[in-house]
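Asker: Below: one structure in structure tokens.
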Amino acid sequence: MQQLSTRHLLGIKDITAEDIQLIFETADNFKEVLNRPIKKVPSLRDITIANIFFENSTRTKLSFELAEKRLSADVVNFSSSNSSVKKGETLVDTVNNILSMKVDMVVMRHSSVGAPHYLSRKIQANIVNAGDGTHEHPTQALLDAFSIREKLGDVAGKKVAIIGDILHSRVALSNIFALQKLGAEVMVCGPITLIPKYITSLGVRVEHDVRKALAWCDVANILRIQLERQQIKYFPSLREYSLYYGINKKLLSQLDKEIVIMHPGPINRGVELNSDVADGPHSIILNQVENGVAIRMAVLYLLASVK
């Protein structure tokens with residue numbers, strides 16, 4: 001059996017194009033499982049996985065939990081909001097206490113950049129990064145690229161525009177790494193205040209006119225404005241942002257081609273994306289959600305076999 005080149009999934013930056021293809025091929029098999037009447041396999045029956053979330057999450061946490069249960073793993077859920085972290089317990093102490101309960105794998109989301117990398121040097125369990133600050137969100141990028149492959153046949157040679165709040169987005173960074181490793185061209189688009197200065201050093205195009213970005217791309221991955229991470233105002237108002245960068249049916253109808261619309265969720269309807277586009281024929285947003293479970297099953301299954 002082929003194996004991943006790493007025993008953790010800390011970020012897309014740390015894995016190879018071959019790793020990504022192996023995850024995709026494994027996810028193809030698990031997607032078949034998810035479409036059966038009995039959607040469960042005994043692949044991780046002897047494995048215990050702890051979901052440790054120091055930040056709020058709905059879709060990612062549910063998706064991981066469902067993936068774990070579909071693989072027959074034992075699942076422990078931990079939320080920092082009602083834990084000893086509130087009493088001042090350190091990250092390493094928290095995780096070590098959980099690991100003393102003989103946990104094999106940790107899925108972690110944390111507000112601090114590099115938290116899963118730090119933890120991987122301190123503990124023996126396999127670690128999956130479910131999002132660290134504004135740094136990376138590797139499984140989201142994998143499911144996004146997998147969804148493009150499913151819809152268009154291949155990622156190589158495709159033009160993908162990532163539109164919105166690039167500055168505060170861990171999804172954007174992981175997507176850039178994943179898409180480039182798979183041979184796609186990437187453009188970022190948004191207000192100048194929401195595009196990081198370093199972004200051109202990653203080999204991506206930068207565009208501030210959303211119409212030009214849409215005319216260029218085959219796929220538009222729309223990101224929400226992350227108001228919870230913004231300490232200052234980066235644009236006058238949400239209404240003005242929507243006016244200049246919101247994607248609506250009228251805008252898409254002016255293009256001389258059809259493009260694929262994606263969104264990692266949650267959608268701020270009427271801000272970055274109108275309902276007529278989010279629920280329209282070009283959208284693969286619900287496919288992304290379905291593919292998220294298959295991709296996370298593949299990641300957990302493959303990491304469990306790497307010691």
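The values are calculated or read from the model by the stated rules, or taken from the named source; none is laboratory data. Quick caveat: nothing in here was measured; it's all calculated off a predicted structure. Don't worry about glycine lacking a Cβ; one is built from the backbone with ideal geometry, like all the others, and counts go over all protein chains shown.
Asker: Conditions: (1) part of a helix (DSSP H, G or I); (2) crowded, with 17+ Cβ neighbours inside 10 Å; (3) of a type outside the set (Phe, Trp, Tyr). Glu55 meets all but one. Number of the miss?
Answerer: For Glu55, the failing item is (1).
Asker: Among the numbered criteria (1) of a type outside the set (Gly, Ala, Ser); (2) surrounded by fewer than 21 Cβ atoms within 10 Å (Cβ to Cβ); (3) at pLDDT below 95, which one does Leu252 miss?
Answerer: Looking at each condition in turn, Leu252 falls short on (3).
Asker: For the range 22-44, name all the residues that are among the basic types (Lys, Arg) and buried (at least 18 other Cβ atoms within 10 Å of the Cβ).
Answerer: Lys31 - this is the single residue of the range 22-44 that is among the basic types (Lys, Arg) and buried (at least 18 other Cβ atoms within 10 Å of the Cβ).
Asker: Is it true that Ile52 is over 30 Å from Gly183 (Cα atoms) and either in contact with a His (Cβ under 6 Å, 6 or more places away or on another chain) or among the β-branched types (Val, Ile, Thr) (or both)?
Answerer: yes
Asker: Output the residues belonging to the range 1-21 that are out of contact with any helix residue (DSSP H, G or I) (no Cβ under 7 Å at 6 or more places or on another chain), surrounded by 14 or more Cβ atoms within 10 Å (Cβ to Cβ), of a type outside the set (S, T, N, Q) and not in a loop (DSSP other than H, G, I, E, B).
Answerer: Within the range 1-21, Asp14, Asp19 qualify.
Asker: Taking Val293 as meeting all but one of (1) among the aliphatic types (A, V, I, L, M); (2) at pLDDT 95 or above; (3) assigned by TED's automatic domain parsing to the domain that holds Ile176, write down the number of the exception.
Answerer: (3)
Asker: Here is a follow-up. Can you list residue pairs whose Cβ atoms sit under 8 Å apart, with the first residue in the range 265-283 being without any contact (Cβ under 8 Å) to a residue 12 or more places away in the chain and the second being outside any strand (DSSP E or B)? Count only pairs 6 or more apart in sequence or on different chains.
Answerer: Arg269/Ser275; Arg269/Ala278
Asker: Among the residues of the range 97-149, which ones are in the same structural domain as Glu185 (by TED's automatic domain parsing) and basic (Lys, Arg)?
Answerer: Selection gives Arg149 alone.
Asker: Hey, can you tell me all the residues within the range 257-282 that are of a type in the set (Gly, Ala, Ser) and in a loop (DSSP other than H, G, I, E, B)?
Answerer: Of everything in the range 257-282, those that are of a type in the set (Gly, Ala, Ser) and in a loop (DSSP other than H, G, I, E, B) turn out to be Gly265, Gly270, Gly280.
Asker: Now for a separate question. Output the number of the condition that Arg121 fails; it satisfies all remaining conditions of (1) surrounded by 18 or more Cβ atoms within 10 Å (Cβ to Cβ); (2) out of contact with any Ser or Thr (no Cβ under 6 Å at 6 or more places or on another chain); (3) farther than 15 Å from Gln21 by Cα.
Answerer: Status for Arg121: all satisfied but (1).
Asker: Collect the residues in the range 58-81 that are surrounded by 15 or more Cβ atoms within 10 Å (Cβ to Cβ) and charged (D, E, K, R), keeping them in residue-number order.
Answerer: Of everything in the range 58-81, those that are surrounded by 15 or more Cβ atoms within 10 Å (Cβ to Cβ) and charged (D, E, K, R) turn out to be Lys61, Glu65, Glu68, Lys69, Arg70, Asp74.
Asker: Could you say whether any residue in the range 185-206 is crowded, with 20+ Cβ neighbours inside 10 Å and under 18 Å from the mean Cα position of the chain (by Cα)?
Answerer: Yes: one or more hits.
Asker: Counting only residues that are farther than 22 Å from Asp28 by Cα and touching a Phe, Trp or Tyr at 6+ places or on another chain (Cβ under 7 Å), give me the strands (runs of 3 or more DSSP E) lying completely in the range 89-178 with at least 2 of them.
Answerer: In the range 89-178, the matching strands (runs of 3 or more DSSP E) lie at 105-110, 159-163.
Asker: Just to check your reading of the model, which residue among Tyr245, Tyr301 is modelled with pLDDT of 95 or more and aromatic (Phe, Trp, Tyr)?
Answerer: Just a single option satisfies the conditions, and that option is Tyr301.
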